[in-house]
Amino acid sequence: MNDIGVREARQVEVVVIGAGQAGLSAAYHLRRVGYEPDRDFVVLDHAPRPGGAWQFRWPTLTYGRVHGMHALPGMELTGADDSRPSSEVIGEYFTAYEEKFDLRVHRPVDVTAVREGEDGRLLVETSEGTYATRALINATGTWDRPFWPRYPGQETFRGRQLHTAQYPGPQEFAGQRVVVVGGGASGTQHLLEIAPFAASTTWVTRREPVFREGPFGEEEGRAAVALVEDRVRQGLPPRSVVSVTGLPLNDAIRQGIADGVLERQPMFDRITPDGIAWADGREIQADVILWATGFRPVVDHLAPLRLRETGGGIRLEGTRAVRDPRIHMVGYGPSASTIGANRAGRAAVAEIRRLLARQPAPVSRPVVATVN
């Protein structure tokens, strides 16, 4: 534990953790209401360069295949080449955005813990020093916490196991027998890409996949977000918005079903040294198990504040943590989509302004040490 106090820390009004869609949206709205970067607020990002989680996406995920990418507030993404990797297109867009609005993101900076300080401030412990802040916007997303299920025999598997977060593209699976686990969009994308290269593919999911036909408009989107929001309001771990919308039945999915690539198998019961097996005695040999099993929110640095409810999640009202009104979560639960992150950034800043207006800072502020 870092025992530095508020008086020795660098003092700011707001700390934003994360510079993906949600964090940049929050920073933009802080600037719009008159907060100055590096004086009134600071944005901390652990990634090596701009782009949020997009910079780590596999090369074959081109910009033209990205669904539901909404522009950041105040600056449209125009003229992008659909054939280029989304990591490059969006990385360049985020870079230009940070420069245009002079957001001065600090990177790479790791946030290790957020603790209670003195005078109503929070202490944010980081790899570049400690910040004392009156409010915090947590925009850390999920990419750094891939979810790996555990099954009997997993440690005996002689092949390769990897997660979506490590997916290198389809060519690496040429001639191999590949099992893809997971019923979300990533799992189906991986299968459709890998199948032309692999010796065989097997699709395994815990639940029967639900395919969605017809348009998915604003009303359907609001209904899906409301389902996720209800879980967060109850203090339960959030589910992704995609998990409650179903998979869009587009031409590629239809072709995958017709070709037998998207022929779903129920979840196996154990992993063997040479593949997977079910309780009824059926086995499939495999060289690779690809876990397309999603991600969990990155919130361990908030553990000292004890924000979690008994249900395992952080209960929110809007973006505000119910247990601590100084903490706002953006890109969490119902605001995990790109358009949701934009709205959440604006809402968090509006509420933080009201909070800080009600609780003015002490008149005399101590001389503080600079952060190296």
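The values are calculated or read from the model by the stated rules, or taken from the named source; none is laboratory data. Every value quoted in this text rests on a predicted model; they were computed, and no experiment measured them. Virtual Cβ from ideal backbone geometry, glycine too; neighbours counted across all protein chains shown.
Data for the structure
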quantity	calculated
Lone unmet requirement of (1) assigned to a helix (DSSP H, G or I); (2) under 30 Å from GLY175 (Cα atoms); (3) touching a residue at least 24 places away in the same chain (Cβ under 8 Å) for ARG254	(3)
Only one of GLY235, GLY275, GLY256, GLY246 that is farther than 21 Å from THR293 by Cα and either of a type in the set (Gly, Ala, Ser) or at pLDDT 95 or above (or both)	GLY235
All positions within the range 267-296 that are under 11 Å from GLY159 (Cβ atoms) and in a strand (DSSP E or B)	ILE271, THR272, GLY275, ILE276, GLN285, VAL288, ILE289, LEU290
Lone qualifier among ALA113, ALA198, ALA139, ALA135 - being assigned by TED's automatic domain parsing to the domain that holds GLY275, surrounded by 17 or more Cβ atoms within 10 Å (Cβ to Cβ), of a type outside the set (Ser, Thr, Tyr) and touching a strand residue (DSSP E or B) at 6+ places or on another chain (Cβ under 8 Å)	ALA198
Any chance ASP45 is outside the structural domain of ALA165 (by TED's automatic domain parsing), over 14 Å from THR338 (Cβ atoms) and surrounded by fewer than 19 Cβ atoms within 10 Å (Cβ to Cβ)	no
Test: residue in the range 211-225 that is under 23 Å from the mean Cα position of the chain (by Cα), outside the structural domain of PRO334 (by TED's automatic domain parsing), modelled with pLDDT of 90 or more and surrounded by 16 or more Cβ atoms within 10 Å (Cβ to Cβ)	no
Qualifying residues in the range 116-132 (those that are of a type in the set (Asp, Glu) and surrounded by fewer than 19 Cβ atoms within 10 Å (Cβ to Cβ)) - the one nearest to ALA321 (Cα to Cα)	GLU116
Residue within the range 305-327 that is in contact with a His (Cβ under 9 Å, 6 or more places away or on another chain) and of a type in the set (Gly, Ala, Ser) present	yes
Considering residues of the range 74-103 that are assigned to a loop (DSSP other than H, G, I, E, B) and in contact (Cβ under 8 Å) with a residue 24 or more places away in the chain only, the residue surrounded by the most Cβ atoms within 10 Å (Cβ to Cβ)	LEU103
Test for LEU262: is it assigned to a helix (DSSP H, G or I) and touching a strand residue (DSSP E or B) at 6+ places or on another chain (Cβ under 9 Å)	no
Criterion (modelled with pLDDT of 95 or more, farther than 28 Å from ARG306 by Cβ, assigned by TED's automatic domain parsing to the domain that holds PHE41 and acidic (Asp, Glu)) met by exactly one of ASP82, ASP102	ASP102
Filtered residue count, the range 297-310, keeping only those that are assigned to a loop (DSSP other than H, G, I, E, B) and hydrophobic (A, V, I, L, M, F, W, C)	3
Hey, THR245 in contact (Cβ under 8 Å) with a residue 12 or more places away in the chain, polar (S, T, N, Q) and closer than 30 Å to PHE157 by Cα or not	no
Single match in ARG365, ARG343 (criterion: in a loop (DSSP other than H, G, I, E, B) and at pLDDT below 95)	ARG365
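Yes/no matrix, rows are residues, columns are (1) under 30 Å from ARG10 (Cα atoms); (2) of a type outside the set (Ser, Thr, Tyr):
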| position | (1), (2) |
| --- | --- |
| GLU118 | yes, yes |
| LEU123 | yes, yes |
| THR130 | yes, no |
| GLY141 | yes, yes |
| ASP144 | yes, yes |
| SER186 | no, no |
| HIS190 | no, yes |
| ALA199 | no, yes |
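Residue-by-condition table, conditions (1) of a type in the set (A, V, I, L, M, F, W, C); (2) surrounded by fewer than 23 Cβ atoms within 10 Å (Cβ to Cβ); (3) under 25 Å from the mean Cα position of the chain (by Cα):
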| residue | (1), (2), (3) |
| --- | --- |
| GLU155 | no, yes, no |
| PRO168 | no, yes, yes |
| ARG177 | no, yes, no |
| GLY187 | no, no, yes |
